[in-house]
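Shown next, in structure tokens, is the structure this report addresses.
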Amino acid sequence: MPLHLPPSVKNWTSLAGVVIALISLFMIVFLFAVTVFFDAHAAYLGLVVYILLPSVMIAGLILIPVGMLLKIRREHREGLSPEPGWPKVDLNNPGHRNAALIFFVGTSLLLFASAIGSYEAFHYTESTAFCGTLCHSVMEPEHVAHKTSAHARVACVACHVGPGADWYVRSKLSGMYQVYAVLTDVYPRPIPTPIENLRPARTVCEQCHWPQKFYAYTYRAETHYLPDEKNTRWDIGLTLRVGAPHSAVGFEEGIHWHINPQVKIEYLPLDEKREQIARVRYTNLESGEVKIYRNPALAQEGGEAGEMRTMDCIDCHNRPSHRYLPPNRFVDNAMANGSIPADLPWIKAATVPLCEQEFASREEAEEILRAGVLNFYRQEHPEILEQRMADVEKAIAGFLAAFNENIFPYMKARWSAYPEHIGHLVFNGCFRCHAEGFATEEGEPIRSGCNDCHLISSQGTPGSMEYAPMGESLDFRHPEDIGEAWKEMLCSDCHKGLLP
């Protein structure tokens, strides 16, 4: 039985629409099969399958009725047909019946495919691959840092969007400007933080880190190497007072006391990065007691104007998934895991200072860093090049690998661009508030004792370690003899990421 269709379908525009739609449908089915049966998950493949090809197919389908309408109007202008009116459907007419059958069957298949495609498109746009690899140069620093973070198996949207359709829509609308910024090359380098349009940390972080889970003391061991001939190893073990000594006690003391549901901590930042804080307000929600601590020097600089911010997780954990380690730290790690030979004389001194300069590209950085290490040994210790050239090459390879995981020249992303608020070694961190100067009108200061947040359980070089009795702390001993100077200044005054 021949297939009868309305005469208006027989035009080049509608025919082109049919061809475009069919080819797009075939490619969608084929590429979808590739992703399913061959486990192919390339970022651009998902973009093509779930977004670009469906858009082309819909455009082709739209061309079919457009071509029909244009033909009807053209025939009317030429006097070949009466004035067009509302379409009449007569199922006794074979052409109408076939057209209706094709329409209903095609529409059903399209709706079914659209449901699957929309579902897959939603998950694709929510995937880490979409967020991290679609715009390679822009998001490369964040994507690389995320892969080595504690949240490596947590999708980007779990923190940056969170649950709920409203925030999903809001994030996609915000993403439209980001696409424009990338296409027109007007995005900032580095990408600024803090990001103002994130959801409150307690509605995102607490999806996993719920406040009912109390953490007791935890132990942290660190290994450092000094920039001397032997790369002297210095180990330090810290008992972090995250919570109370026992988890059953709750938030009565410890670092996480700041998010105790019985108290409210607010502060007044003077800059966008929240590095300078002029005022802190403590409110006991049970008793109603209020204490206001002011830093006279900073309060005079910025005045008392501004909006107080309620402290939450992000005020300390401001780099939970995108940490860029300072050079002294990533070189220490590379030496500890063996990718840089720790017994190669002067290697710490040869590598870390080179990272202070900024580079235009990764290729330029690798060339200059490699030449810098070789020149250091060639000028200062040529005998090492003669005797241990293979180890020097291995050290350079390990150094460059660590560099490329933490410093991204094109985006100007490096440790110094993103201050980290946990700790107080490289950045002020805790000392933004817990430092001399903050006090109430009655003279009560904010506590800033070393043992308030951690206890030094062990310190020293292997073979001559000091150990503290359980529950007690050693007096800090600086790895290098600088007298009492470390007591008179902040750690971050010297340690800018380039010192041990």
> lysines near Lys394 by alpha-carbon distance under 16 Å, same-chain residues fewer than 8 away left out - which ones?
Replying inline: Lys348
> If you add up the charges near Asn11, with Lys and Arg at +1 and Asp and Glu at -1, over every other residue whose beta carbon is less than 13 angstrom from its beta carbon, what do you get?
Replying inline: +3
> Any idea which of Tyr467, His495, Ile314 is furthest toward the positive side of the dipole for the chain, if Lys and Arg beta-carbons carry +1 and Asp and Glu beta-carbons -1?
Replying inline: Ile314
>> So if I restrict to the alpha-carbon atoms in the chain, what is the Rg, and what is Dmax, the biggest pairwise distance, in Å?
In response: 31.8, 105
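Taking the Cα centre of the chain as origin, sum charge times position over the Cβ atoms of Lys and Arg (+1) and Asp and Glu (-1), and report the length of that vector in debye to the nearest 20.
Roughly 2560 debye, rounded to the nearest 20.
I'd like the FRET efficiency for Phe112 and Asp481, computed as 1/(1 + (r/R0)^6) with the beta carbon distance as r and R0 of 56 Å, rounded to 0.05.
0.15
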>> About the Cα centre, and with charges only on the beta carbon of Lys, Arg (+1) and Asp, Glu (-1), how big is the dipole of region 343-447? Nearest 20 debye, please.
In response: 180 debye
>> Could you order the peptides 168-180, 373-385 from most to least packed, using the average number of other C-beta atoms within 10 Å per residue?
In response: 373-385, 168-180
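Highest mean first, what order results for 59-67, 71-79, 288-296, 274-282 on Cβ atoms within 10 Å?
274-282, 59-67, 288-296, 71-79
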> In the chain, which helices (entire DSSP H runs) extend 24 Å or more along their own long axis, judged by Cα positions, while averaging at least 1.0 on the Kyte-Doolittle scale?
Replying inline: 12-37
> Which FRET efficiency value, to the nearest 0.05, is calculated for Gln379 and Ala33 with the Förster distance at 56 angstrom and r the Cβ-Cβ distance?
Replying inline: 0.40
>> On a straight-distance basis, which lysines could pair with Lys291 in a cross-link, Cα separation under 18 angstrom, same-chain partners fewer than 8 positions away excluded?
In response: Lys264
> In nm, to one decimal, how far is the modelled label at Tyr219 from the one at Glu441, with both set 7 Å along Cα→Cβ?
Replying inline: 4.9 nm
> Tell me, what HN-Hα J-couplings in whole Hz come from the Karplus equation 6.51 cos²θ - 1.76 cosθ + 1.60 at θ = phi - 60° for each residue of region 237-243, using x for Gly and Pro?
Replying inline: x, 10, 8, 7, 8, 4, x
>> On a straight-distance basis, which aspartates and glutamates could pair with Lys487 in a cross-link, Cα separation under 17 angstrom, same-chain partners fewer than 8 positions away excluded?
In response: Glu436, Asp452, Asp475
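FYI, it's all coordinate maths here, none of it is from the lab. Because the structure is predicted, anything quoted here is derived from the model rather than measured. In this analysis, Cβ positions are derived from the backbone assuming ideal geometry, glycine residues included, and neighbour counts consider all displayed protein chains.
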